[in-house]
Amino acid sequence: MKKQNIDSMLEQKMSADLCTCGELRKAARAVTMLYDNEVKSSGLQSTQFGLLHIISKTDSIRISDLAAKMGTDRTTLTRNLAILEREGLIKISEGRDHRTRNVTATQKGRGAIARAIPLWNEVQYKVKQKMGESSWQGLMQSLGEFLKVTDQLTNQHNRNV
């Protein structure tokens, strides 16, 4: 790209005062830090809590099903599962055929979740109290709607590529 084209493009203003991606990432970082600080005495991080909580509610779950529930890709999920497995919180085993793998929470993992749940409930309560129940409900509804929009736009983009 030529220098004058780059300079011209850099002079353009963004289409909105606030960047949706930037603001959501900033909020996600702040929420993650808040929840991490509150549940750290359980030995888990907030991201591990969500993952281990889903796993511990089942006898065993396929990695692909877990990825769908978490809304993440298998590569990222596999990396996060490796940490939990290394810490002895989960066990990964071969599924019914060689193509699938199943995840099970170990007793140590179930204990970590049991310690983390009251801590998570407490921070969840504090957030709701500070926001107010109706604002919190509105946020949850807006985030759900936003996820639908991003799914639609992602699917539309993938069809056009």
>> I'm trying to understand the selection: among the residues of segment 137-161, which are more than 23 Å from residue 21 (Cβ to Cβ) and either among the hydrophobic types (A, V, I, L, M, F, W, C) or touching a strand residue (DSSP E or B) at 6+ places or on another chain (Cβ under 9 Å) (or both)?
In response: none
> What are the residues in segment 87-110 that are in contact (Cβ under 8 Å) with a residue 40 or more places away in the chain, of a type outside the set (Gly, Ala, Ser) and outside any loop (DSSP other than H, G, I, E, B), if any?
Replying inline: 102, 103, 104, 110
>> Looking at 84, 139, 147, 119 in this structure, which one is in a helix (DSSP H, G or I), within 21 Å of the chain's Cα centre (by Cα) and modelled with pLDDT under 95?
In response: 147
>> Against the definition (at pLDDT below 90 and either part of a helix (DSSP H, G or I) or exposed (fewer than 13 other Cβ atoms within 10 Å of the Cβ) (or both)), how does residue 33 come out, yes or no?
In response: no
> Hey, among the residues in segment 34-57 that are of a type in the set (Val, Ile, Thr) and without any contact (Cβ under 8 Å) to a residue 40 or more places away in the chain, which one's nearest to residue 119 (Cα to Cα)?
Replying inline: 47
> Residues of segment 70-97 being touching a strand residue (DSSP E or B) at 6+ places or on another chain (Cβ under 8 Å) and closer than 25 Å to residue 42 by Cα, which ones?
Replying inline: 81, 84, 85, 89, 90, 91, 92
> Residues of segment 34-71 being polar (S, T, N, Q), in contact with a helix residue (DSSP H, G or I) (Cβ under 8 Å, 6 or more places away or on another chain) and more than 19 Å from residue 99 (Cα to Cα), which ones?
Replying inline: 41, 42, 45, 46, 47, 48, 56
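Please go through segment 102-125 and give me each residue that is aromatic (Phe, Trp, Tyr) and surrounded by fewer than 18 Cβ atoms within 10 Å (Cβ to Cβ), ordered by number.
Residue satisfying the conditions is 125 alone.
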> Could you count how many residues in segment 42-84 are of a type in the set (D, E, K, R) and under 13 Å from residue 120 (Cβ atoms)?
Replying inline: 0
> Among the residues of segment 81-100, which ones are crowded, with 18+ Cβ neighbours inside 10 Å and either in contact with a helix residue (DSSP H, G or I) (Cβ under 6 Å, 6 or more places away or on another chain) or small (Gly, Ala, Ser) (or both)?
Replying inline: 89, 90
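The values are calculated or read from the model by the stated rules, or taken from the named source; none is laboratory data. The structure presented is a predicted model; accordingly, all values stated were derived computationally and were not measured. Quick reminder, even Gly has a Cβ in these numbers, built from the backbone with ideal geometry, and neighbours come from all protein chains shown.
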